[in-house]
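Laboratory data are not the source of any read-out in this text; all were calculated from the coordinates shown. If you're wondering where the values come from, they're calculated on a predicted model, not measured in any experiment. Note that we place each Cβ from the backbone using ideal geometry, even for glycine, and neighbour counts take in every protein chain shown.
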Amino acid sequence: MLVDDLKKAFREKYNTDPEFVVRCPGRVNLIGEHIDYSHYSVLPMAIQASTFILAAKSEKNQIHFFNLDKKFKEYTHEITKEMWPGTTHPEWYEYFLAGWRGVLERLSIDIASSKGMNLLVYGTIPPASGVSSSSALVCAAALTTIAMQTGKSFEVVSRSELAEMTAKTEKYVGTEGGGMDQAIECLAEKGIALRIDFHPLKWTPVTLPPNALFAVLHCGVTMNKGATSYYNQRVVECRIAAQIMAKKNGVKNWKEVRTLRDLARLLGNLTPDQMVIEVEKRLEKPADQFYDRKEILQALETNEQDFIQYSLNDKTRDAQEFWIKKRALHVYSEAARVFHFEEACRQGNTVELGKLMKESHTSCRDLFECSCPELDETVEKCLKAGCLGARLTGAGWAERAAVLE
Ligand code: ADP
Ligand code: NG1
Ligand code: MG
């Protein structure tokens, strides 16, 4: 659908022209899966599929949501004195509200005086499929809000600030994400991938070998990360792995250790490759055995209350089993693969790129357990057909009830 068709649809719906049209791309992550929230670098690039938002002011104190995809029901959000508080089971329009809230807070716009809006949303990014439709909607919402509230667009907030702000604000839909998606969607440039580093946010263009062709396939199943606890469970397993190893190493305040990268720094700025060896040494239990809650409290010499406050999050308060060794081994080995991948891009070594992608998939499947049979089968088929490498992209998993038509 062309932008002119979208404008026509807006006019038919609201009897007025849109004042702004915002477009935000989806992304594919080439390598570096589930390591952004451990603050390790990732290597994504934008894709053509995008989310569009068309907007005009409303005289009413409301945000009206109309989606061209009828699966996403029309909705009216009343703007009251109370800010939308966030959610742990998001409806589709709440991804918009997450971006909207972030901008009002950033620009110190009082909720009661914020402007009402009529919106039309149209997306070509397959939702819940690992190519980041959620962040495209959050980032497009943030841009729409900036434009509608200030009458201006990019001059108000820089692209990098927008990336950091939307990474924080998407957490209002209940996932403790790491920031990769918002960063690439706000900072992407045509024709190149970016290596994205966190804390501080930095981005470096990575030119892909001209003879390499990357195809993005859909395996047919979907997974809504906001509505489930899989994602947040992995986030806390990585955090607990870092905290336990820090504690074992004599670090007094394990509560300040938040990520596996914090731990690598504390151990003397060890490289991801060196950290793989450390994990093998420091966590005695075999990787395929979980730690129960009691064992973790003992290892951290702490109580339930502090454990909930410093290690867990909303969706994992009651979790009982934590696979911490496997998760840490995945994170450090995947972080190392990102750097090797970038080096192979520089050398134009497509065979090495393929090898690293295969290793990444195996690690996601066996150590991070974020794959599913449909993804594994798709990877197998690609390799049998002669691809140099294949891997899942994005968070992974599947809810089988939601098979794509
Ligand atoms: P993804 O891997 O695509 O980011 P998520 O589970 O993080 O998957 O987010 C998917 C959710 O985002 C959808 O279930 C829906 O609520 C919302 N969403 C994404 N794109 C759109 C869209 N174009 N229209 C309405 N909702 C959307
Ligand atoms: P998807 O599958 O696109 O929702 C999620 C996270 C990323 C990253 C990847 C796994 C959000 C918004 N996105 O992506 O930050 O952790 O999983 O690498 O939380
Ligand atoms: Mg998402």
(request) Give me Thr144, Thr350 ranked fewest to most by other Cβ atoms within 10 Å of their Cβ, as a rough exposure proxy. (result) Thr350, Thr144
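Just to verify a number: FRET efficiency for Val21 and Glu105, C-beta to C-beta distance, R0 = 41 Å, to 0.05?
0.95
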(request) Note the full-extension length gain between Glu161 and Gln62 as 0.36 nm times their separation in residues minus their Cα-Cα distance, in nm to one decimal. (result) 32.9 nm
(message) Running a GNM on the chain with Cα contacts under 10 Å, which residue among Arg391, Arg346, Arg365 ends up with the highest mean-square fluctuation?
(response) Arg346
(message) What distance in nm separates the two pseudo spin-label positions at Tyr230 and Leu201, each 7 Å out from Cα along the beta-carbon direction?
(response) 2.7 nm
(message) Could you list Leu263, Leu162, Leu213 so that the one with the fewest beta carbons within 10 Å of its beta carbon is first and the one with the most is last?
(response) Leu213, Leu162, Leu263
(message) If a paramagnetic tag sat 7 Å from the Cα of Lys248 along the Cα-Cβ line, which residues of region 268-312 would have the backbone N under 15 Å from that point?
(response) 275-292, 295-301
(request) Extending each Cα 7 Å along its Cβ direction at Ser153 and Asp292, get the distance between those two points in nm, one decimal. (result) 5.7 nm
(request) Calculate the spin-label point distance for Phe214 paired with Asp366, positioning each point 7 Å from the Cα along the beta-carbon direction, and give it in nanometres. (result) 2.5 nm
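Return Lys8, Lys71 ranked ascending by Cβ neighbour count within 10 Å, so the fewest neighbours appear first.
On the way: Lys8 12, Lys71 7.
Exposure proxy ranking, most exposed first: Lys71, Lys8.
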(message) Full-extension gain between Lys8 and Glu343, please, as 0.36 nm times their residue separation minus the C-alpha to C-alpha distance.
(response) 115.9 nm
(request) Using 0.36 nm per residue of separation minus the Cα-Cα distance, give me the extension gain between Ala112 and Leu187 in nm, one decimal. (result) 23.8 nm
